[in-house]
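Remarks on the structure that follows.
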Amino acid sequence: MINFDVIVIGAGASGIMCAGQAALNGMQVLLLEKMRMPACKLRITGKGRCNITNIAEKAVFMQHIGPDNRFLHNAFGTFFSQELVEFFESIGVKTKREQGGRVFPQSNRAIELTEALVKWVRKTGVSLQCKTAVKDILIENEQAVGVITQDGRKIFAKSIVIATGGKSYPATGSTGDGYNFASKIGHTIALLHPLLVPLRSDENFIKSLSGLHLKNIAVNVFVENIKKHEAFGELEFNDFGIEGPIVLSLSRKCLHDIVAKKKMVFVLDFKPGLSELQLDNRLKRDIDTVGKTALYDLLRGLMMHQLIKVFVQRLGISQDKKCGQLTSAEREKILKLLKNFSISITGHGNYDRAIITGGGVSTKEIHPKTMESKLVQNLYFIGEVLDLDADTGGYNLQIAFSTGYLAGISLKK
């Protein structure tokens, strides 16, 4: 007995979009969520602000995605950033653009966006059931025909969509269920790992800088003394290492080297807008101006207060030394440290601190025009459960919404 046209497992970004679009196409849709409320992870994404998408041109956008961005040509060709912004505007969520092309709700409240999405999906006629975990997928004659819930119920449908997310932020319900479903069916699961994570450091000054937020700094990443990556933007210190937008994006590029325990050093340039010569000239002027005051007062004009003590310790110069007494060699040490403040990286955060999961269901086994499995008919995979990942900046949520939308309009009645 068929109960529904479609069952979507997981009421996150991709699942809600998919369910709503299928319902708008006249299908009877059941959306199952194991948590007590839908879209738990979406409610906290972007530190509660929710970076919906990015307005970068498609060719540029694609450069931020791996491991096979070509898989998304059909999804993005059907529903991309402009369509997503228009969709949210249509359901009452006004948006704004910020630095780097990032798009946020105008209210800066992820909860507003989430509530609007849930209200919309209910309005489309979707039957949303929370606190309903799925134990297994029912397969007959190489076709998906339904699900078995944790309490033993069998619910039948013509199509099943797996939108269970990854393993990041497991407290929100993302515990890797979709990978288990896919593996049982015979799908290949690319190696799973936490991605877009804070990085660990054993430097003795890290805890004293916890909470420090630095803007407009440049970072060069050296692996085994060879420069491999660079970035510019915002960085934050926490009690075990560093995080912030540029660290999260760099973590995606650095993870394999970190896991391989290669020597890795992040070198921070606190004054990237000035060449060494320009910075040296500024130091000379500042020293002439405040010659009778202490080094501490000179540094207050160059960096945030919380950083000064660590900076002075690294210099090996007393913070009470009068600026007029600084030698040219000491001035050069200040200059070099401002442009080359090194932090050794020794590890990375776990899934509970990761924004997304790397790895997942191989896209080679999914039809890119529909999101349907190539192994099992009427079974679809969307969102983070797929082996797709991207930098921070709105790229990952766009993948979720686009793949969800494409599956939703491709489902067979």
Next item on the list: Could you check how many residues of the range 191-205 are touching a helix residue (DSSP H, G or I) at 6+ places or on another chain (Cβ under 9 Å) and either within 30 Å of ALA163 (Cα to Cα) or of a type in the set (A, V, I, L, M) (or both)?
Entry: 8
Checklist line | Filtered residues of the range 144-174 (kept if over 22 Å from GLU365 (Cβ atoms) and under 27 Å from the mean Cα position of the chain (by Cα)) | finding: SER168, TYR169, PRO170, ALA171, THR172, GLY173
Note to self: Looking at (1) touching a helix residue (DSSP H, G or I) at 6+ places or on another chain (Cβ under 7 Å); (2) in the same structural domain as ALA163 (by TED's automatic domain parsing), which one does ILE334 not meet, given that it meets all the others?
What the structure shows: (2)
Checklist line | Condition check for GLN325: assigned by TED's automatic domain parsing to the domain that holds LEU212 and either more than 24 Å from LEU248 (Cα to Cα) or basic (Lys, Arg) (or both) | finding: yes
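Does SER183 qualify as being within 18 Å of SER251 (Cα to Cα) and assigned by TED's automatic domain parsing to the domain that holds ASP391?
Numbers: within 18 Å of SER251 (Cα to Cα): no; assigned by TED's automatic domain parsing to the domain that holds ASP391: yes.
Here the answer is no, as SER183 does not meet what is asked.
Let's see how each residue does on (1) surrounded by fewer than 16 Cβ atoms within 10 Å (Cβ to Cβ); (2) under 23 Å from VAL265 (Cα atoms):
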{"site": "VAL312", "(1), (2)": "no, yes"}
{"site": "GLU332", "(1), (2)": "yes, yes"}
{"site": "LYS336", "(1), (2)": "yes, yes"}
{"site": "ILE356", "(1), (2)": "no, no"}
{"site": "THR363", "(1), (2)": "no, no"}
{"site": "ILE366", "(1), (2)": "no, no"}
{"site": "MET371", "(1), (2)": "no, no"}
Next item on the list: Look through the range 83-101, keep the residues that are more than 20 Å from the chain's Cα centre (by Cα) and among the acidic types (Asp, Glu), and return whichever of them is farthest from TYR405 (Cα to Cα).
Entry: GLU89
Notebook entry, point to check: So is SER251 among the small types (Gly, Ala, Ser) and farther than 20 Å from ILE382 by Cα or not?
Noted result: yes
Next item on the list: Of the conditions (1) of a type outside the set (Gly, Ala, Ser); (2) modelled with pLDDT of 95 or more; (3) surrounded by fewer than 17 Cβ atoms within 10 Å (Cβ to Cβ); (4) not in a helix (DSSP H, G or I), TYR380 clears all except one; give me its number.
Entry: (3)
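Report the residue count in the range 340-358 for those that are among the aliphatic types (A, V, I, L, M) and part of a loop (DSSP other than H, G, I, E, B).
Keep residues of the range 340-358 that are among the aliphatic types (A, V, I, L, M), which gives 343, 345, 354-356.
This time we only want the ones that are part of a loop (DSSP other than H, G, I, E, B), so: 354-355.
Count: 2.
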Notebook entry, point to check: If a residue has to be under 14 Å from MET35 (Cα atoms) and in contact with a Lys or Arg (Cβ under 8 Å, 6 or more places away or on another chain) to count, how many in the range 120-137 make the cut?
Noted result: 6
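Scan the range 166-175 and tell me whether some residue there is exposed (fewer than 14 other Cβ atoms within 10 Å of the Cβ) and modelled with pLDDT under 95.
Here is the first cut: in the range 166-175, the ones exposed (fewer than 14 other Cβ atoms within 10 Å of the Cβ) are 171.
Now narrow it down to the ones that are modelled with pLDDT under 95: 171.
Yes - at least one qualifying residue is present in the range 166-175.
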Check: Do you know which residues across the range 221-260 are without any contact (Cβ under 8 Å) to a residue 60 or more places away in the chain, polar (S, T, N, Q) and buried (at least 17 other Cβ atoms within 10 Å of the Cβ)?
Finding: ASN238
Next item on the list: Determine, yes or no, whether ARG70 is at negative phi, surrounded by 16 or more Cβ atoms within 10 Å (Cβ to Cβ) and in the same structural domain as LYS369 (by TED's automatic domain parsing).
Entry: no
Notebook entry, point to check: Inside the range 22-56, can you point out the residues that are over 23 Å from GLY100 (Cβ atoms) and β-branched (Val, Ile, Thr)?
Noted result: VAL29
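I want to confirm something. Restricting to the range 1-15 and keeping residues that are in contact with a Cys (Cβ under 9 Å, 6 or more places away or on another chain) and assigned to a strand (DSSP E or B), which single residue is surrounded by the fewest Cβ atoms within 10 Å (Cβ to Cβ)?
Within the range 1-15, the first condition is being in contact with a Cys (Cβ under 9 Å, 6 or more places away or on another chain), and the residues that meet it are 6, 8, 11-12.
Now drop any that are not assigned to a strand (DSSP E or B), which leaves 6, 8.
Details: VAL6: 27, VAL8: 37.
In this case the residue turns out to be VAL6.
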Next item on the list: List the number of the failed condition for ASP239; all other conditions in (1) assigned by TED's automatic domain parsing to the domain that holds GLY273; (2) farther than 30 Å from ASP269 by Cβ hold.
Entry: (2)
Note to self: Every residue in the range 366-375 that is within 16 Å of ALA163 (Cα to Cα) and either touching a residue at least 40 places away in the same chain (Cβ under 8 Å) or in a strand (DSSP E or B) (or both), please.
What the structure shows: ILE366, PRO368, THR370, MET371, GLU372, SER373
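Do we have GLY152 as in a loop (DSSP other than H, G, I, E, B) and either out of contact with any helix residue (DSSP H, G or I) (no Cβ under 8 Å at 6 or more places or on another chain) or crowded, with 22+ Cβ neighbours inside 10 Å (or both) here? Full working, then the answer.
On the way: in a loop (DSSP other than H, G, I, E, B): yes; either out of contact with any helix residue (DSSP H, G or I) (no Cβ under 8 Å at 6 or more places or on another chain) or crowded, with 22+ Cβ neighbours inside 10 Å (or both): yes.
The answer is yes for GLY152.
The values are calculated or read from the model by the stated rules, or taken from the named source; none is laboratory data. Just so we're clear, the structure is a prediction, and the values are computed from it rather than from any experiment. Backbone-built Cβ (ideal geometry, glycine too); neighbour counts: all protein chains shown.
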